[in-house]
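Input: a single structure, listed below in structure tokens.
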Amino acid sequence: MKVKKVPIVYEDDAILVCEKPIGMPTQSDNTKDMDVLTYLKHYLYEKQEEEGEPYLAVVHRLDRPVGGLMVLAKTKEAAADLSAQIQNHEFEKYYQAIVCGRLREEFGTFEDYLLRDGKTNTSKVVKAGTAGAKEAILDYEMIDEIEMKDGVYTWVLVMLDTGRHHQIRVQFASRGLGLYGDTKYNPIYQNKKKKYMELGLYSTRLAFLHPTTGEEVVFSVDPQGEAFDLMDVEAY
């Protein structure tokens with residue numbers, strides 16, 4: 001299998017920002033396919049002068065079917081700083097999504113409690129107070145919608161306030177707005193013969209304080225994938 005390249009958007013002594021390819025794992029999994037972390041460690045190893053494995057830490061993850069921006073830390077200090085920003089909700093993560101159906105409101109907030117099932121690698125919305133459940137909050141804004149022969153597709157900008165397991169996929173699906181191509185949570189695709197489908201979700205913007213300089217840095221890319229090609233409109 002040909003290994004996909006991982007485009008590097010920005011790099012300095014503290015951080016490395018890349019655009020994760022759709023379908024590539026963030027870290028090594030049981031498939032043994034090439035993952036983002038291993039790929040980038042090889043990249044750093046090839047260009048460093050000293051021997052030994054270079055330090056590179058994942059501070060936030062993207063699901064395998066999701067492509068887009070990720071930042072990785074090149075020092076332990078940078079990893080701690082970025083992780084603290086995420087915990088303190090100072091790290092801004094924006095996604096673009098294609099959902100099946102029409103939004104009731106053009107913008108709004110979803111607030112739920114999600115419970116993860118490690119055996120099935122899924123999450124579900126549960127009542128507040130459920131043992132093990134974690135609060136999940138996101139804001140959304142409609143970008144556009146298109147009516148096709150098989151229904152309405154809506155293009156949505158999503159701003160995550162929390163980063164829970166499969167959060168965007170679960171919160172939209174629980175409201176009857178499953179993501180394009182989502183075989184885990186969207187009933188439309190659960191009986192498809194095709195085992196792997198591209199998911200209509202892409203990490204398009206990151207904003208955070210640089211762990212060394214303290215200055216705000218912002219990175220953005222256009223969404224990619226068949227779901228966004230379907231919309232055939234300018235990127236937001």
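The values are calculated or read from the model by the stated rules, or taken from the named source; none is laboratory data. These numbers were taken from a predicted model, which means no experiment stands behind them. Glycine gets a Cβ as well: all are built from the backbone with ideal geometry, and neighbour counts include every protein chain shown. Note: areas computed on protein heavy atoms with side chains; ligands, DNA, RNA excluded. Shrake-Rupley method; radii C 1.70, N 1.55, O 1.52, S 1.80 Å.
Among the conditions (1) farther than 27 Å from Leu230 by Cβ; (2) outside any loop (DSSP other than H, G, I, E, B); (3) more than 18 Å from the chain's Cα centre (by Cα), the only one that Ala128 does not satisfy is (2). Among the residues making up the range 145-172, those that are touching a residue at least 24 places away in the same chain (Cβ under 8 Å), part of a strand (DSSP E or B) and not hydrophobic (A, V, I, L, M, F, W, C) are Glu145, Gly151, Tyr153, Thr154. Just one of the listed residues (Pro187, Pro211) is without any contact (Cβ under 8 Å) to a residue 12 or more places away in the chain and open to solvent by 10 Å² or more (accessible area, probe 1.4 Å), namely Pro187.
Leu72 - would you say it is at pLDDT 90 or above and within 27 Å of Thr122 (Cα to Cα)? Taking the combined requirement at face value, the residue satisfies it.
Of the numbered conditions (1) over 15 Å from the mean Cα position of the chain (by Cα); (2) free of Cβ contacts under 8 Å to residues at least 60 places away in the same chain; (3) not in a loop (DSSP other than H, G, I, E, B), Leu138 fails exactly one; give the number of that condition. Here Leu138 clears every test but (1). Here Leu157 clears all of (1) modelled with pLDDT under 95; (2) of a type in the set (A, V, I, L, M, F, W, C); (3) open to solvent by less than 60 Å² (accessible area, probe 1.4 Å) except the condition numbered (1).
More than 17 Å from the chain's Cα centre (by Cα), at pLDDT 95 or above and not small (Gly, Ala, Ser): does that describe Leu40? Judged against the criteria, Leu40 is a match.
Candidates Asp144, Asp112: the one that is within 30 Å of Glu216 (Cα to Cα), crowded, with 20+ Cβ neighbours inside 10 Å and more than 18 Å from the chain's Cα centre (by Cα) is Asp112.
Any idea which residue in the range 173-198 is modelled with the highest pLDDT, counting only those that are assigned to a helix (DSSP H, G or I) and of a type in the set (A, V, I, L, M, F, W, C)? Filtering the range 173-198 for residues that are assigned to a helix (DSSP H, G or I) and of a type in the set (A, V, I, L, M, F, W, C), the one modelled with the highest pLDDT comes out as Ala173. Picking from residues in the range 20-34 that are closer than 24 Å to Ala207 by Cα and out of contact with any Phe, Trp or Tyr (no Cβ under 9 Å at 6 or more places or on another chain), the one that is most open to solvent (accessible area, probe 1.4 Å) is Gln27. Count of the range 36-91 residues, restricted to those that are in contact (Cβ under 8 Å) with a residue 60 or more places away in the chain, open to solvent by 100 Å² or more (accessible area, probe 1.4 Å) and of a type outside the set (D, E, K, R), is 1. Does Leu138 satisfy being farther than 23 Å from Val36 by Cα and open to solvent by less than 40 Å² (accessible area, probe 1.4 Å)? Yes.
List pairs: first residue in the range 17-33 and assigned to a loop (DSSP other than H, G, I, E, B), second residue among the small types (Gly, Ala, Ser) anywhere in the structure, Cβ distance under 7 angstrom, at least six positions apart or on different chains. Partner pairs satisfying both residue conditions: Pro21/Gly67; Ile22/Gly67; Ile22/Gly225.
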